[in-house]
Each structure stands twice: as C-alpha cells, then as structure tokens.
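What follows is a set of notes on a single structure, which appears directly below.
The values are calculated or read from the model by the stated rules, or taken from the named source; none is laboratory data. A quick note: this is a predicted structure, and the numbers were derived from the prediction, not measured. Neighbour counts run over all protein chains shown; Cβ positions are idealised from the backbone, glycine included.
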Amino acid sequence: MSGRIILEHGAGGRLMHELIREISGRLNIDSRGVDKAVFKTRGGRIAFTTDSFVMKPPVVKGCDIGMLSVNGTVNDLVTMGAKPKYLSLSLIMEEGLEEDFLRRIIGSVGEAAEKAGVKIATGDVKVVEKGGCDRIFINTSGVGRVYPGIRVSTLNARPGDTIIVTGSVGDHGAAVLAARGEFQLETDVLSDCAPLTSILETIVKKGIIVHTLIDPTRGGLATSLNEVAESSRVVIEVEEEKIPFKESVLGFCEVLGIDPLYLGCEGRLIIFTPRRYAEETIRALKRLEVSREACVIGRVSGRSKTGEVRLLTRAGGVRILPMLHGIPLPRIC
C-alpha cells in the first residue's frame, strides 16, 4: 500500500478488492473469502463471519442500521450455506446521541434477530467524542452451522450453471439515496432489507444443488457477478431485459444518471445452480414472500482465465459489465 486510504477503498468495487488482497496477503488469509470462514469440527462444519455497518442516514424507508446489522450478517452466513445461530453486537456511538434513537435501533435489532431466528449472544459498547463517528456505527459477527451436503462458494460457479436472482435489484441503494435528501426527489421505493434464511432452508429441503450463493450488497449486481466470474474463472452472461427492477428505482436512477446495476441490495440472493434445477428452484422460491419475484437472469457460458461478465442488451448487443470502480454512490452499509 502507498499513499492514503480514500473513500473508494470501502465502496465495494475494484479498489476495495485490491485493498483486501493487499491486507489479506500480509496476514496469510485467502482474500476471496476474507470476511467469511468455515471450520470443520467433530459435530459438523461451522461458519463464521463479521461485518461493520455505516449507513447515512441511519434510517431510511423500510430499514434502519439496526435491522441492517442483523440481516447483513445473517445473509452472509446464508451465502456460506449455513443456518445462522448466534450474533455478537458491538456499538460505537457518538457523544450526544439521543437515547430515544438508540432505543429505536436496539428495538430493530431485537425484532430482526427474532425474525431471522438468531440469538444476540454477546456484545460491546463504546462512546467516542462528538465528531468521532456519524451518530452510530455497528459491528456484528455471526456463527452458524453449515447444512450437511451444502458446499457453496464464489469459487464454485461452473459452465452450464443457470443464474437466478430472488427479487428486484437496487431497492436498498435507491432508498438510501432518496433518504439523504440531496437531490430533492420524492420516491416511494423501500429498502429490500430482509433475512434470506427461508430461501436456503427451502433449497436444502428440496435437495436442490447450488454451486454459488452471493448477496449483491456494496457494488450491486454487477460487482457481485464480477466477483464470482473472477473467483471461478468463468464467463457470465446476463440478459438485460430479464433483470428485475422496480419502475420507481429505474425512474429515480434515470433522473440522476445512475446505473441501477451498481446499486446495492440487502435482501436479495444470486443463486448459481445447474440448469436442470432451474425450474424447480424458481417454483420453490416463488412460494416464499422474500423471493416471489425470483427469476432467471443469465448463465455461465464458459471458462475464462480472468473472469468476464457480459451484458446482453435489450438492443441485441453485447457489452462487458465491469466491477464498480470509484465511488459514484453514497455508502449503503
């Protein structure tokens, strides 16, 4: 590393991935799974993950930082093929934070944990001087038990896989943008923040084989697809007309000149499954409230030494869809 850390290093795009590789290389950690780990024990495989949450503003339509901190970590465990069991909760609060606001956030944490079926097992509190943080930051770590027979990873996508997304894309990112009030635009878009535990439970009960599960948070759908393509060294093709967006999100992005493919989600899952399981997977997902809009958006078409994501446009053309570079959007998590 040289120079100074800038905001782009935490935006979820190319610079963040390069920084993670640099740090993990110095610590002898596999950078492809640096925020996640699976341990073998006599009783089975245990999944462990950690995340920190910074959201400005901390409350948006359909979500607040308390709900986000629980669901974000729960969903990371889901992408590891695990049933979430326990979370830690650490709060960093700014001097002068309103006690009523804190009670609201803790209430959201409790409600989200109950809905996701996890227990807050331990935690910590720190208070910093005025200006030392933006109202409240939250760190959560999570432990879960990996389902027997489930082996999912961003390394495992294979040619022939069908790519499914479980709902509309970019809702959370658009909700955060709108809540900041910088653009003086009204929108009724709600954050999609939700636990994805029922999706994994359904996949396991149905005996559906999945190779990769990933939630498109920072950097959005485009960046998550690139992460899989590079890790698995495959070519991914997605059809623009099949990607689900809410009209309110598309309209909001059109006015601001933002590509919704780079807007983050906090309640969506991208599933890579062999083609023979695609129809069964869609039928099962549509029975769940959290994934009623599930649809096929593309496929893994071949191998590539570096990984590549191709967008088949509505006009019939093909363009390369790169990973997010820079930080054109505000922090969403």
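Here are a few things to note about the model shown:
- Residue under evaluation LYS205, criteria (1) more than 19 Å from MET55 (Cβ to Cβ); (2) outside the structural domain of LEU288 (by TED's automatic domain parsing), criterion not met: (2)
- Evaluation of GLY72 against (1) at pLDDT 95 or above; (2) more than 28 Å from THR154 (Cα to Cα); (3) not acidic (Asp, Glu) (one fails), failing number: (2)
- Selected residue [surrounded by fewer than 19 Cβ atoms within 10 Å (Cβ to Cβ), under 23 Å from ARG45 (Cβ atoms), touching a residue at least 12 places away in the same chain (Cβ under 8 Å) and not assigned by TED's automatic domain parsing to the domain that holds LEU196] from LEU102, LEU155: LEU155
- Some residue of the range 96-119 being in a strand (DSSP E or B) and either over 17 Å from GLY267 (Cα atoms) or out of contact with any strand residue (DSSP E or B) (no Cβ under 9 Å at 6 or more places or on another chain) (or both): yes
- Flag: VAL210 does not match the condition of being within 22 Å of ASN226 (Cα to Cα) and crowded, with 24+ Cβ neighbours inside 10 Å.
- GLY25 being modelled with pLDDT under 90, within 15 Å of the chain's Cα centre (by Cα) and more than 27 Å from VAL125 (Cα to Cα): no
- For the range 164-185, the set of residues classified as touching a helix residue (DSSP H, G or I) at 6+ places or on another chain (Cβ under 8 Å) and either surrounded by fewer than 19 Cβ atoms within 10 Å (Cβ to Cβ) or not in a loop (DSSP other than H, G, I, E, B) (or both) consists of ILE164, VAL165, ASP171, GLY173, ALA174, LEU177, ALA178, PHE183, LEU185, listed by residue number.
- In the range 40-84, the residues that are in a helix (DSSP H, G or I) and more than 16 Å from VAL146 (Cα to Cα): ILE65, GLY66, MET67, LEU68, SER69, VAL70, ASN71, GLY72
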